[in-house]
Amino acid sequence: MASTPAVPPAFGLRLRKSDVDFRPTALLRRRVLIRGSDCRILYCCSGKVVPIRRIANGSGRKGGSNTEEWPIELKKKSHKVRVQAAPALPFASSQSLNPSRQEKFFPRCTTRNSGPQSRDTPPKRDTGIANEKDWGISLSEHVNESGVNVDGSSWYRESGEDLGENGFRCRWTKMGGKSDDGSSEWKETWWEKSDWSGYKELGVEKSGRNSQGDSWWETWREVLHQDEWSNLARIERSAQKQAKSGIENAGWYENWWEKYDAKGWTEKGAHKYGRLNEQSWWEKWGEHYDGRGSVLKWTDKWAETELGTKWGDKWEEKFFAGIGSRQGETWHVSPVGERWSRTWGEEHLGNGRKVHKYGKSTTGESWDIVVDEETYYEGEPHYGWADVVGDSSQLLSIQPQEKPPGQGVYPYLDFGSSSSPPKDGPSSPPSQ
């Protein structure tokens, strides 16, 4: 019989006996090196999310005091890169590696027929947006079947096609299963969409629950469409994930997105939230590249406990042609309302060797100096248009419906090549 594989628990979270230990994962930062008029992008290895610890006493960015700092994100770069990592400091990750309760989820049985082999498991935190190949989407044709496994659990699988205006077509496959007593259940849907405008979409939605009351939900989408004014092709990817514990007040939610166009414009970001009993945390970050060398990055993280303790850290950087700035703040509020903060800033003057640094804190420290220091920043995304096109072969291969005679031709999508559009393709819209 078809088996539904054992599923690891949606949570491995255990609360520590501290009102400040549960904190979101921290990230590292990679940058571009500028020396004088020479700008070089050095090699940067792929960065994992690095758990960090809270430090009760230690040095901050510019001086010593009871402070907190979070490292910033480190991501791999296809160019030559040099890594300059911020220190791993406060906020222990809530992704505890406690023993799982795998066998308490879905029972296994021997595969003996064509029942769906579900991979439905609780999503993992801080894993970003998967590539389409990781999903293994395979749409069935004209399927409507169901069955019962030897352990009493049941399954189903069905497929279909929906049609609409302007050549819209959606091909889909749905599957799912549940335990014999109904306490555990999983569902998964795959789809591809297209129409005559050149729009294409590939997607997945999955959800589940187990006998302990844990539940989860996840959706992933990948879209190709044409920019309304430029005719440039755009690819957008997104993922939303959430999980909730059935035995304690714990859960988390994440929303990730990436947008790319054929001229190098790129936008990426994420919003995250988590809770573990009396502690909650939030994180937001974004990156924007205009395709001509200008870059904006920012991060904002904060957390609080039911006792009233709050703390956070945020930073922002803007650069273009070696000239730019960074600024940020680290702060803490005690249960009785006492607030501590340290603000800091950097001005990079474009010569690659002089940096103006300034800052102050509520404890009276301050600084305003010019130092000899190399300028680092990332002027282009580590994962850009060429990468996403190479990883989207299934999306690009979606075939729209045939157009009836006399209905015109398919639109020309500019993928950024130097070749001109085909003769029978429509001309670009007038510039605005």
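The values are calculated or read from the model by the stated rules, or taken from the named source; none is laboratory data. Every value quoted in this text rests on a predicted model; they were computed, and no experiment measured them. Virtual Cβ from ideal backbone geometry, glycine too; neighbours counted across all protein chains shown. Ligands, DNA and RNA are excluded from the accessible area calculation, which covers all protein heavy atoms including side chains. Shrake-Rupley method; radii C 1.70, N 1.55, O 1.52, S 1.80 Å.
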Extension gain Glu158-Lys263, at 0.36 nm per residue separation less the Cα-Cα distance, in nm? 33.8 nm
Expressed in nm to one decimal, what extension gain is obtained for the pair Ser393 and Asn131 from 0.36 nm per residue of sequence separation less their Cα-Cα distance? 93.3 nm
Cβ-defined net charge surrounding Ser159, 9 Å radius [Lys, Arg +1; Asp, Glu -1]: 0
By a straight-distance test (C-alpha under 17 Å), which aspartates and glutamates pair with Lys272 as possible cross-link partners, with residues fewer than eight away in the same chain excluded? Glu73, Asp126, Glu218, Glu254, Glu258, Glu283, Glu287, Asp300, Glu304, Asp313
On the accessible surface of the range 200-332, probed at 1.4 Å, how many percent belong to carbon and sulfur atoms? 48 percent
Calculate the FRET efficiency for Glu374 and Ser341 from the Cβ-Cβ distance with a Förster distance of 25 Å, rounded to the nearest 0.05. 0.30
Kirkwood radius from Cα pairs of the range 179-311 plugged into Stokes-Einstein at 10 °C, 1.306 mPa s, gives D in µm²/s equal to 90 µm²/s
List, in the order given, every pair from Lys244/Lys297; Lys178/Lys284; Lys124/Lys310; Lys244/Lys268 whose Cα-Cα distance in the structure shown is over 29 Å. Lys244/Lys297; Lys178/Lys284
Cross-link reach from Lys354 to aspartates and glutamates, straight Cα distance under 20 Å and at least 8 residues apart if same chain, gives Asp38, Glu316, Glu317, Glu346, Asp368, Asp372, Glu373, Glu374, Glu378
Might you tell me the accessible area per residue for the range 212-363, computed with a 1.4 Å probe and given in Å²? 42 Å²
What distance in nm separates the two pseudo spin-label positions at Glu145 and Asp290, each 7 Å out from Cα along the beta-carbon direction? 5.6 nm
Measure off 7 Å from each Cα along the Cα-to-Cβ vector at Ser197 and His225, then give the distance between these two points in nanometres to one decimal. 0.6 nm
For the range 140-254, what mean projected area does the convex hull of the alpha carbons give, in nm²? 9.5 nm²
